[in-house]
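Structure first, commentary second.
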Amino acid sequence: MNIQYIHPADQLVMFMQRIYDKGLTTTSGGNLSIMDTDGNIWITPASVDKGTLSRRDIICVRPDGTCEGPHKPSSELPFHQSVYRLRPDLKAVLHAHPPALVAFSIVRKVPDLDLITSVRRVCPDVRIAKYDVPGSEALGEKIGTVFAAGCDIAILENHGVCVGAPDMFTAFQRFETLNYAAELEIQARRIGTVRALPAEAYRLSETNHHTKMDGFIPRSYSSEELSARRDMITLIKRSYRMGLFTATHGTYSVRLSDDSFLITPFGRDRAYLEEEDLVRVKDDMKELGKTPSRAVQLHARIYRNNSGIRAILQAHPVHAMAFAVTDAEFDPRTIPESYVLLRDIRKLSYRQFYTGPEQTSRMFGPAVPAIMVENDCVIVTGASLLQAFDRLEVLESTAHSIIDSGPLGKIVHITSSEVEDLKIAFHLEG
C-alpha cells in the first residue's frame, strides 16, 4: 500500500483507527494531522469518538486559518502548527496517550532506546518537552523547542507523546516502535536486571545481502505456493493484531516442496500485506523486483540444515522479549501445553547469533523448536506454519503468565518425572 495515493482525510481515519484499536489512545484522547502540498492542515476533530471516526469528521485548516468541516479542530492544533512552522520537512504529526508512554511521561523519563537495535534505528532521538496546559500556545512553543532542535519525537511531561515525520506511516511507525520500547522496558524491569545491547551490536547486525540477491522471474504459481501465500497473510495479519510484532518488524517464512521458500518483504507494513507482497526465494535468488526480509540468509540456513522444519517465525512479542533483554530465566515447565509445544528453549547471546549463523541454524530440532536471542528476537519453528504460529502464541502467553505470577508467589514447575510422563504421552522426541 502506497499512502501517497490516499487522501489525507482517509489516512487520518485509517491510522487513528489502528491506534484506537490497539488500545494506544482513548475515545477523546489523541490527535493526528497531515499538511498537504498546498499548505492545508488536515486534522482530527475535537470531542468526536475516535472509535467511530469517519472521513466526514476530518477538519481542513487553510493557510489563512479558515476551518472547513462539521466540527472544531482538535484543541491541540496550536502545537501541530508550531511543529510545521519550525520543521517544514515534516508533513505529519501524531499525538496520543498510550499507557506505557504515559507512564514514562509522568515520571519524566525517556524509554531505553538501546534494548533492541530496531528501536534506535527507527527512533534515533527522543527528548522531553516541558509541561504546559493542553491546547495552549505555551505548550506549542515547548514542543516546538524540541522539534526545532532537530528531534522528531517528544515525550510530553505528564501528557503523552508527539511524533513528527515526512508522512503519516513513518509517524505511526516511530510511535509504535517507541511505545513497544516503553512496554518492553516496563515488562523487563518486572522480572530481572535489564541488559543493554552490546557495544558492537549495531555493527554486527548490519547486513545488505537481502538487497544484493540476484532476481528471477517465476514462470508459474503452483496451488501449493498460492495456498502458502494465503495462509501466511492470514496469520501475519493476525500476528500484527495480537501484538506479536510491529508494523515493519517480524519475519515469517514457509518452505515449499521444491525447497524454495516464501518470506515476508523488507520494510513493508505488516497490517496491509497482500499475497503478492511475499517474496519467493530459490537457490539464493529472490523474485525480481522484491526485497526479502534481512533475515533471509538465516532462514535459508535453517531450512538447509533441518529437513523437518517447514516454517520459521522470527518475532518480538513483548513479554517473551522481556526475558531476552534481562537475566531472567524462561522455563516453559508451567503447564503441560507450554512444555509440550516449547520443550527446551535455548537463549543465545547477541554476539553468538550474529557471528555464528551456521551454528545457530543447527541448534533447532525436535527438542529445541525455539530459541531466544538476547536483545534481538525469538525464533520459533514448526513442521507446518500453523504449528510454528501456535508455538509463537504459546511462547508469548507463557511468558505473560510467568511475569504475572511474580506478585502471587514462587512458581511451582512441573517436575522432571512429570516431564518424562509428558514425553511418553505425547510421543515427544529428544
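The values are calculated or read from the model by the stated rules, or taken from the named source; none is laboratory data. Source: prediction; values computed, not measured. Here the Cβ is made from the backbone with ideal geometry for all residues, glycine too, and neighbour counts use every protein chain on show. For accessibility, only protein heavy atoms count, side chains too; no ligands or nucleic acids. Shrake-Rupley method; radii C 1.70, N 1.55, O 1.52, S 1.80 Å.
Restricting to Cα pairs below 8 Å that are 6+ residues apart, what does the relative contact order work out to for segment 56-150? Please round to a whole percent. Provide the component values of the computation, followed by the final result.
On the way: 86 pairs, mean separation 30.3, N = 95.
Dividing the mean separation by the residue count of segment 56-150 yields 32 percent.
Using the Cβ atoms and a cut-off under 13 Å, what net charge is assigned to the surroundings of Ile236, where Lys and Arg are +1 and Asp and Glu are -1?
Numbers: positive: Arg229, Arg230, Lys237, Arg238, Arg241, Arg268, Arg270; negative: Asp231, Asp269, Glu274, Glu275, Asp277.
Summing Lys/Arg as +1 and Asp/Glu as -1 gives +2.
To test your reading of the geometry: what angle, between 0 and 90 degrees and rounded to tens, separates the Cα axis of helix 416-425 from the longest principal axis of the chain?
Helix 416-425 sits roughly 80 degrees off the main axis of the chain.
Can you tell which of Ile379, Ile217, Ile302 shows the greatest fluctuation in a Gaussian network model of the chain with Cα springs below 10 Å?
Between Ile379, Ile217, Ile302, it is Ile217 that shows the largest mean-square fluctuation.
Which order do Tyr350, Tyr131, Tyr5 take when ranked by solvent-accessible area (1.4 Å probe, heavy atoms of all protein chains), largest first? Present the calculation step by step, with values, prior to reporting the outcome.
Numbers: Tyr350 5, Tyr131 105, Tyr5 190 Å².
Sorted by accessible area, descending: Tyr5, Tyr131, Tyr350.
At a probe size of 1.4 Å, how large is the accessible area of Tyr354, to the nearest 10 Å²?
Probe radius 1.4 Å; accessible area of Tyr354 about 70 Å².
Could I have the simple spin-label model distance between Ser384 and Ser28, label points 7 Å from Cα toward Cβ, reported in nm to one decimal?
5.0
Where is the GNM fluctuation largest for the chain (alpha-carbon springs, 10 angstrom cutoff): Val126, Val412, Val394?
Val412
Determine the dipole magnitude for segment 160-319: charges of +1 sit on the beta-carbon of Lys and Arg, -1 on that of Asp and Glu, nothing else is charged, the reference point is the Cα centre, and the result goes in debye to the nearest 20.
Details: 23 positive and 20 negative charges, 81 e Å.
The dipole of segment 160-319 has a size of about 380 debye.
Counting Lys +1, Arg +1, Asp -1, Glu -1, what net charge surrounds Val119 among other residues with beta carbon under 13 Å of its beta carbon?
Numbers: positive: Arg120, Arg121, Arg174; negative: Asp112, Asp114, Asp125, Glu176, Glu183, Glu185, Asp376.
Within the 13 Å Cβ shell, the charges total -4.
Go ahead and estimate [θ] at 222 nm for the chain from helices alone: -39,500 (n - 2.57) per DSSP H run with n ≥ 4, summed, over the residue count, rounded to 500.
-12000 deg cm²/dmol
Taking 0.36 nm per intervening residue step and subtracting the Cα-Cα distance, what contour gain separates Asp259 from Ser349 on full extension?
Extra length available between Asp259 and Ser349 comes to 29.5 nm.
Given R₀ = 51 Å, what would the calculated FRET efficiency be for Val340 paired with Asp89, taking r from the Cβ atoms and rounding to 0.05?
On the way: r = 53 Å, r/R0 = 1.04.
Computed FRET efficiency for Val340 and Asp89: 0.45.
For an R0 of 45 angstrom, estimate the FRET efficiency from the Cβ-Cβ distance between Ala199 and Asn158 and round to the nearest 0.05. Could the numbers behind the result be given before it?
On the way: r = 35 Å, r/R0 = 0.77.
FRET efficiency, Ala199 to Asn158: 0.85.
What residue among Glu206, Glu176, Glu76 shows peak mean-square fluctuation when the chain is described by a Gaussian network model with Cα springs under 10 Å?
Result for the chain, Cα springs under 10 Å: Glu206 fluctuates most.
Which shape class, rounded, prolate or oblate, goes with the chain when its Cα gyration tensor gives a ≥ b ≥ c as root eigenvalues, a/c under 1.5 marks rounded, and past that a/b bigger than b/c marks prolate? Numbers along the way, then the final one.
Details: a/c = 2.12, a/b = 1.54, b/c = 1.38.
Since a/c reaches 1.5 and a/b is larger than b/c, the shape of the chain is classed as prolate.
Would you mind getting the accessible area per residue of the chain, heavy atoms of the protein chains only, 1.4 Å probe, in Å²? Kindly include the intermediate steps, with their values, before the conclusion.
On the way: 18740 Å² over 430 residues.
Value returned for the chain: 44 Å² of accessible area per residue.
How much solvent-accessible surface does Val48 expose, in Å² to the nearest 10, with a 1.4 Å probe and all protein chains in place?
Per-residue accessible area (Val48): approximately 20 Å².
In percent, how large is the relative contact order of segment 33-90, given Cα pairs closer than 8 Å and 6 or more residues apart? Before the final figure, lay out the partial values.
Values: 74 pairs, mean separation 17.0, N = 58.
RCO, segment 33-90: 29 percent.
Identify the GluC sites (Glu not before Pro) of segment 326-430 meeting these criteria: DSSP loop state and at most 16 other C-beta atoms within 10 Å of the C-beta. Walk me through the numbers before you get to the answer.
On the way: sites: Glu329, Glu337, Glu358, Glu374, Glu393, Glu396, Glu418, Glu420, Glu429; in loops: Glu329, Glu374, Glu429.
Filter output for segment 326-430: Glu329, Glu429.
With all protein chains present, how much of the accessible area of the chain (probe radius 1.4 Å) comes from carbon and sulfur, to the nearest whole percent?
Details: 9610 of 18740 Å².
Carbon with sulfur: 51 percent of the solvent-accessible area.
For the chain, take the longest principal axis of its alpha carbons; what is the angle in degrees between that and the long axis of helix 223-241, to the nearest 10 within 0 to 90?
That helix lies at roughly 50 degrees to the long axis.
To the nearest 0.05, how large is the calculated FRET efficiency for Cys67 and His413 if R₀ is 45 Å and r is the Cβ-Cβ distance? Could the numbers behind the result be given before it?
Details: r = 62 Å, r/R0 = 1.37.
FRET efficiency, Cys67 to His413: 0.15.
Can you give me the solvent accessible area of Ile106 with a 1.4 Å probe, rounded to the nearest 10 Å²?
Answer for Ile106: close to 100 Å² accessible.
Percent relative contact order of segment 22-61, based on C-alpha pairs within less than 8 angstrom and at least six residues apart? Show your work: numbers first, answer last.
Values: 45 pairs, mean separation 15.2, N = 40.
Relative contact order for segment 22-61 comes out at 38 percent.
On a full-extension model of 0.36 nm per residue, what is the gain between Glu276 and Arg121, subtracting their alpha-carbon distance, rounded to one decimal in nm?
Working: separation 155, 0.36 × 155 = 55.80 nm, distance 2.73 nm.
Full-extension gain reported as 53.1 nm.
Stretch Arg304-Ala46 to full length: gain in nm at 0.36 nm per residue minus the Cα-Cα span?
Values: separation 258, 0.36 × 258 = 92.88 nm, distance 5.60 nm.
Contour length minus Cα-Cα distance gives 87.3 nm.
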